[in-house]
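Enquirer: Below you'll find the structure I mean.
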Amino acid sequence: MDPLARLRREDHHCDSLERPCLVRTDAGRWRLYLSTATPGTRHWQVVAVEADSPADLPGAEPVVVLPGDPERLAVKDPVIRRDADGWHLWASCHPLEDPDATDRMRTDHFVSAGGLSWTARGTALAPAATGWDRRGVRFTAVLPVADGLLALYDGRADAAENFEERTGAALGAGAAATFERLAGRPVLVSPHGRGGLRYLDAVRGPDGALHVFYESSRDDGGHELRHQVLPGPGW
């Protein structure tokens with residue numbers, strides 16, 4: 001498999017690139033949202049690059065779409081859906097006031113008419129008061145289901161579980177809703193290593209099958225990207 005494009009952190013003048021989100025615009029162009037780490041800080045922001053072809057994305061000029069706040073808030077890991085009301089984005093938000101606790105995270109909801117200028121609409125899911133996801137929650141996929149929208153999210157109980165989050169599920173009546181947890185435990189866990197199963201995303205194929213991608217822990221302490229196919233129209 002040959003790569004179509006390669007984006008490097010050096011080209012974006014950042015310490016790291018994480019959790020991209022690729023969409024098509026109404027004009028048929030390709031737009032890639034990227035999480036970029038501000039050098040020498042715990043701050044993150046979301047930028048977008050756009051081009052006629054995915055191969056041209058590395059040369060596109062980045063536009064900051066979610067700046068966060070260098071002193072108070074890191075914003076990253078965008079998940080995007082569109083409906084009749086416009087564009088919806090869910091991002092993980094990390095308070096920065098305590099330099100020893102910047103791994104804490106919640107998921108906030110943003111709306112936009114065109115996908116570049118976003119307005120915050122509040123928190124979609126906050127960490128639980130107790131339990132397996134009390135330290136942080138991060139949406140990784142939002143899928144339509146019969147009762148509304150199903151959010152799959154990463155959760156962690158403490159700072160030691162950073163990079164070893166497990167997957168939970170929450171349901172919202174619509175894009176603007178506050179989501180409610182469907183279980184008091186993770187719904188997907190790796191049987192290997194420390195159990196990390198995170199950054200789960202899903203794409204519906206032309207045959208109706210659901211292609212699921214996720215990062216999973218291994219027994220040797222490493223992680224790998226996995227792909228599974230769930231046949232049929234149902235989740």
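The values are calculated or read from the model by the stated rules, or taken from the named source; none is laboratory data. Owing to the predicted nature of the structure, the values given are computational and were not obtained by experimental measurement. Cβ placement follows ideal geometry from the backbone for every residue including glycine, while neighbour counts extend to all protein chains displayed. The protein model used for the area step is the full one, side chains on, heavy atoms only, and it has no ligands, DNA or RNA in it. Shrake-Rupley method; radii C 1.70, N 1.55, O 1.52, S 1.80 Å.
Enquirer: Once fully extended, how much extra length lies between Arg185 and Arg204, figured as 0.36 nm per residue of separation less the alpha-carbon to alpha-carbon distance?
Expert: Stretched fully, the Arg185-Arg204 segment lengthens by 4.2 nm.
Enquirer: Taking the Cα-to-Cβ direction at Val229 and at Met1 and moving 7 Å from each Cα, how far apart do the two end points lie in nm?
Expert: 1.3 nm
Enquirer: Another question, then. For Pro70, what charge total do you get from the other residues with a beta carbon under 14 Å from its beta carbon, if Lys and Arg give +1 and Asp and Glu give -1?
Expert: On the way: positive: Arg42, Arg72, Lys76; negative: Asp15, Asp69, Glu71, Glu97.
Around Pro70, the charge tally is -1.
Enquirer: For Arg121, which sequence-distant residues (separation of 5 or more, or a different chain) have an amide H within less than 5 Å of its own amide H, given hydrogens modelled in the peptide plane?
Expert: His109, Phe110, Val111
Enquirer: Return the loop-located chymotrypsin sites (Phe, Trp or Tyr not before Pro) in the stretch 111-213 (DSSP other than H, G, I, E, B) with at most 15 other Cβ atoms within 10 Å of their own Cβ; answer none if there are none. Write down the numbers at each step before the final one.
Expert: Numbers: sites: Trp118, Trp132, Phe139, Tyr153, Phe163, Phe179, Tyr199, Phe213; in loops: Trp118, Trp132, Phe163, Phe179.
When the chymotrypsin sites (Phe, Trp or Tyr not before Pro) of the stretch 111-213 are filtered for loop state and at most 15 Cβ neighbours within 10 Å, Phe163 remain.
Enquirer: Put a dot 7 Å past each Cα toward the Cβ at Ala173 and Ala27; how far apart are the dots in nm?
Expert: 3.8 nm
Enquirer: Would you work out which of Ile80, Leu17, Pro58 lies farthest towards the positive end of the dipole of the stretch 1-128, given +1 charges on the beta-carbon of Lys and Arg and -1 on that of Asp and Glu, about the Cα centre?
Expert: In the stretch 1-128, that residue is Ile80.
Enquirer: For the stretch 1-114, what does the equivalent ellipsoid look like in terms of its semi-axes, each the square root of 5 times an eigenvalue of the Cα gyration tensor, given largest first in whole Å? Working shown, then result.
Expert: Numbers: eigenvalues 122, 70, 22 Å².
Equivalent ellipsoid semi-axes, largest first: 25, 19, 10 Å.
Enquirer: Counting Lys and Arg as +1 and Asp and Glu as -1, what is the net charge of the other residues whose Cβ lies under 14 Å from the Cβ of Cys21? Mind dumping the intermediate values first?
Expert: Values: positive: Arg19, Arg24, Arg31, Lys76, Arg81, Arg82, Arg138; negative: Glu18, Glu50, Asp77, Asp201.
Around Cys21, the charge tally is +3.
Enquirer: How large is log10 I(q)/I(0) at q = 0.10, 0.14, 0.16 Å⁻¹ when the Debye formula is applied to the Cα atoms of the chain, each weighted equally and without solvent?
Expert: Evaluating at q = 0.10, 0.14, 0.16 Å⁻¹ gives log10 I(q)/I(0) of -0.46, -0.96, -1.30.
Enquirer: Something else about it: Roughly how many whole Å is it from the C-alpha centroid of the stretch 181-235 to that of the stretch 59-130?
Expert: Centre-to-centre distance over Cα atoms comes out at 23 Å.
Enquirer: Taking the Cα centre of the chain as origin and charging only Cβ (+1 Lys, Arg; -1 Asp, Glu), how large is the dipole, in debye to the nearest 20? Before the final figure, lay out the partial values.
Expert: Working: 27 positive and 34 negative charges, 90 e Å.
In debye, rounded to 20, the chain gives about 440.
Enquirer: Just to verify a number: FRET efficiency for Arg134 and Ala101, C-beta to C-beta distance, R0 = 22 Å, to 0.05? Provide the component values of the computation, followed by the final result.
Expert: Numbers: r = 13 Å, r/R0 = 0.57.
In this case the efficiency is close to 0.95.
Enquirer: Please give the solvent-accessible surface of Glu10 in Å², to the nearest 10, using a probe radius of 1.4 Å with every protein chain present.
Expert: About 100 Å², rounded to the nearest 10.
Enquirer: Output wanted: per-residue J couplings in Hz (rounded whole) for the stretch 209-224, from phi through Karplus 6.51 cos²θ - 1.76 cosθ + 1.60, θ = phi - 60°, x for Gly and Pro.
Expert: Here the 3J(HN,Hα) series is 6, 9, 9, 10, 10, 7, 9, 10, 6, 10, 5, 7, x, x, 10, 9 Hz.
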